[in-house]
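Read the structure below first, then the notes.
The values are calculated or read from the model by the stated rules, or taken from the named source; none is laboratory data. In this text, all values refer to a predicted model and were calculated from it rather than measured experimentally. Methodologically, a virtual Cβ is constructed for each residue, glycine included, from the backbone with ideal geometry; neighbour enumeration extends over all protein chains shown. For accessibility, only protein heavy atoms count, side chains too; no ligands or nucleic acids. Shrake-Rupley method; radii C 1.70, N 1.55, O 1.52, S 1.80 Å.
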Amino acid sequence: MVGAGDVRMFDRFARVYDLVMPGADATKLGRALDGGDRPVDRLLDLGGGTGRAARALDVEQRIVLDAAGGMVRRAHDHGLPAVQADGARLPLVAESVDGVTIVDALHHIHGWDSLFEEVFRVLRPGGVLAISDFDPTTLLGRALVAGEHLIGFESQFASVDELCDRLERAGFETFVVDDGFAYTVAGVVPKRENKSRSTRRE
């Protein structure tokens with residue numbers, strides 16, 4: 001799911017990652033998670049690196065999953081349960097978490113349709129997926145795309161509308177928490193009685 005080159009870079013970058021990266025925006029993520037139809041007591045921080053999102057959120061049970069072993073070790077250093085794994089095959093049983101975050105990491109993941117199917121599988125009915133990423137259609141977004149490709153990342157980005165469309169095809173109901181260059185989008189797993197409904201709330 002994550003390009004091998006990207007994994008190698010994050011392994012090398014892991015020791016200084018927390019020194020150079022800002023913390024996750026707990027306010028926007030909290031608004032996204034609050035939009036679900038159940039309390040978030042168990043959270044999966046997917047592509048979570050050192051656990052920036054997990055550490056920013058007040059959730060009882062937090063699990064970090066990342067493809068880079070160096071990042072997983074740093075998450076362990078922060079006292080978080082962390083697993084090195086691929087998003088295409090999440091090592092969780094169906095309907096086992098209430099919330100999933102993907103913060104500043106979606107553009108490093110390939111095979112979004114498979115990823116979203118897996119996230120949909122592990123979320124409980126009413127559970128919510130919160131994604132924070134960057135819009136390549138903005139001026140700053142175009143510069144970021146060029147910069148990431150220049151340094152060798154295999155990044156691919158989605159606009160807000162494209163991401164909502166992909167999530168809805170996977171079965172989520174979507175709403176936009178914040179748009180612009182840095183955006184946050186949420187997808188909610190419908191409860192069974194609402195399974196056929198798909199709405200985009202803003």
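Worth pointing out:
- With all protein chains modelled, accessible area of D66 [1.4 Å, Å²]: 20 Å²
- The modelled label-to-label distance for the pair A143/R8, using points 7 Å beyond Cα in the direction of Cβ, is 2.9 nm.
- Net dipole in debye of the chain [+1 Lys, Arg Cβ; -1 Asp, Glu Cβ; about Cα centre; nearest 20]: 360 debye
- Of the solvent-accessible surface of the range 72-137, computed with a 1.4 Å probe and all protein chains present, 51% belongs to carbon and sulfur.
- Compared with the direct C-alpha span, the chain from D161 to F181 gains 5.9 nm at full extension, assuming 0.36 nm per residue.
- Segment A88-R192, extension gain: residue separation times 0.36 nm, minus the distance between their alpha carbons: 35.0 nm
- Ligands, DNA and RNA are left out, and with a 1.4 angstrom probe the accessible area of the range 1-72 is 46 Å² per residue.
- Remark on E95: its backbone amide H falls under 5 Å from those of V122, L123, a criterion applied only to residues 5 or more positions apart or on other chains, H modelled at 1.01 Å from N.
- Heavy atoms of V100: accessible area, 1.4 Å probe, square angstrom to 10: 0 Å²
- Inter-label distance, nm, simple model (7 Å from Cα along the C-beta direction), E60/V20: 3.9 nm
- The relative contact order of the chain, computed from alpha carbon pairs under 8 Å that lie at least 6 residues apart in sequence, is 21 percent.
- Accessible-area order (highest first, 1.4 angstrom probe) of the listed residues S96, S114: S114, S96
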